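For reference, the structure is listed below as structure tokens.
What follows draws every value from the coordinates through simple rules; no lab data is involved. Please read these numbers as outputs of a predicted model, since none were measured by experiment. When we count neighbours, we look across all protein chains shown, and the Cβ atoms used for this are built from the backbone with ideal geometry, even at glycine.
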Amino acid sequence: MFSGKLLQLQQNLKNLPGIGEKTAQRLALFILSQNKEKSYQLADSIKIAVDSYTNCSTCNMLNETDPCPICKDPTRDESLLCIVESTRDVYHIESTQEYHGYYYVLGKLLSPVDGIGPKQLGLEKLKALVQDKCFKEIIFAISPSTEGESTIHFIAEYLQDISICLTRLSTGIPYGSDMEYTGTVTLMNALKRRFPI
Ligand SMILES: [Zn+2]
């Protein structure tokens, strides 16, 4: 239906998570029909955020500074490291105020069908971090899905020569669900009731 620059805008919007064809069409038309200044502001804020944010060189979290404020914070519990899939999960766990340790963001989960194997996880950096610090426990706060399970077990095996307690969140999180959509209270309880791998 759309063509030219409008089609291009629609296709770029469709690449965003959770945006289907119809929604992309609606958003593209909305952007073009609203006050131009507002659309320029949207475009500028995307560019500024993209240019300003980078991955923390220690934990991989997306942030404006490197190292990120969490890695720089000496008041956090240095005995705990929490492994998560994305920066989104860090914000979610922080919102529970239940966890005060450090994080490591994987960025992806093992998924051979999508071409994501052990090499793409970049686990050498994680191992170096664990060897460098004095963590007593590593908590896997990863969505309980097929990819999540194989990632947890692969990393647990990868770190087996390091003497450290490995735990994962309790099964308060339903299998197949996404961490992002887990309620704060459920996530808080899952953090309290973690168990060894
Ligand atoms: Zn960091």
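Please compute, for the alpha-carbon atoms of segment 15-89, the extent along each of the three principal axes and give them in descending order in Å.
Principal extents (Cα only, largest first): 52, 25, 17 Å.
Given C-alpha coordinates of segment 4-52, what is the ratio Rg to Rh with the Kirkwood estimate of Rh? Spell out each step's value before the answer.
Working: Rg = 11.2 Å, Rh = 11.4 Å.
Result for segment 4-52 is an Rg/Rh of 0.98.
Work out from phi, with θ = phi - 60° and the Karplus expression 6.51 cos²θ - 1.76 cosθ + 1.60, the ³J(HN,Hα) of each residue of segment 108-116, listed in order in whole Hz, and give x for Gly and Pro.
Coupling constants for segment 108-116: 7, 10, 4, 7, x, 5, 9, x, 9 Hz.
Treating only the Cβ atoms of Lys and Arg (+1) and Asp and Glu (-1) as charged, compute the dipole magnitude of the chain about its Cα centre; round to the nearest 20 debye. Can you show the working numbers first?
Working: 20 positive and 23 negative charges, 102 e Å.
Dipole about the Cα centre, nearest 20: 500 debye.
Which FRET efficiency value, to the nearest 0.05, is calculated for SER57 and GLU180 with the Förster distance at 22 angstrom and r the Cβ-Cβ distance? Don't jump to the answer; show the numbers that get you there.
Numbers: r = 25 Å, r/R0 = 1.13.
FRET efficiency, SER57 to GLU180: 0.35.
Taking H as built 1.01 Å from N, whose amide H comes closer than 5 Å to the amide H of ILE142, not counting residues under 5 places away?
LEU169
Using the Karplus curve 6.51 cos²θ - 1.76 cosθ + 1.60 with θ = phi - 60°, what ³J(HN,Hα) values do you get for each residue of segment 97-104, in whole Hz, with x for Gly and Pro?
For segment 97-104, the Karplus curve yields 6, 9, 10, 10, x, 9, 10, 9 Hz.
Divide by every residue of the chain the summed helix terms, -39500 (n - 2.57) for each DSSP H run of at least 4, and state the resulting mean residue ellipticity at 222 nm, rounded to the nearest 500 deg cm²/dmol.
Numbers: 8 runs with 87 residues, N = 197.
Using -39500 (n - 2.57) per qualifying helix, the result is -13500 deg cm²/dmol.
Which one of LYS108, LYS72, LYS22 has the biggest mean-square fluctuation once the chain is modelled by GNM with Cα springs under 10 Å?
LYS22
Taking every DSSP beta bridge with both residues inside the chain, roughly what % is antiparallel (nearest 5)? Working shown, then result.
Numbers: 5 of 17 bridges.
So the antiparallel bridges amount to about 30 percent of the total.
Using alpha carbons only, what's the Rg to Rh ratio of the chain with Rh from Kirkwood?
Numbers: Rg = 19.6 Å, Rh = 18.9 Å.
Using only Cα positions, Rg/Rh for the chain is 1.04.
I'd like the Karplus ³J(HN,Hα) series for segment 159-169: coefficients 6.51, -1.76, 1.60, θ = phi - 60°, whole numbers in Hz, and an x wherever there's a Gly or Pro.
The phi angles translate into 9, 5, 7, 9, 7, 7, 7, 10, 10, 9, 5 Hz.
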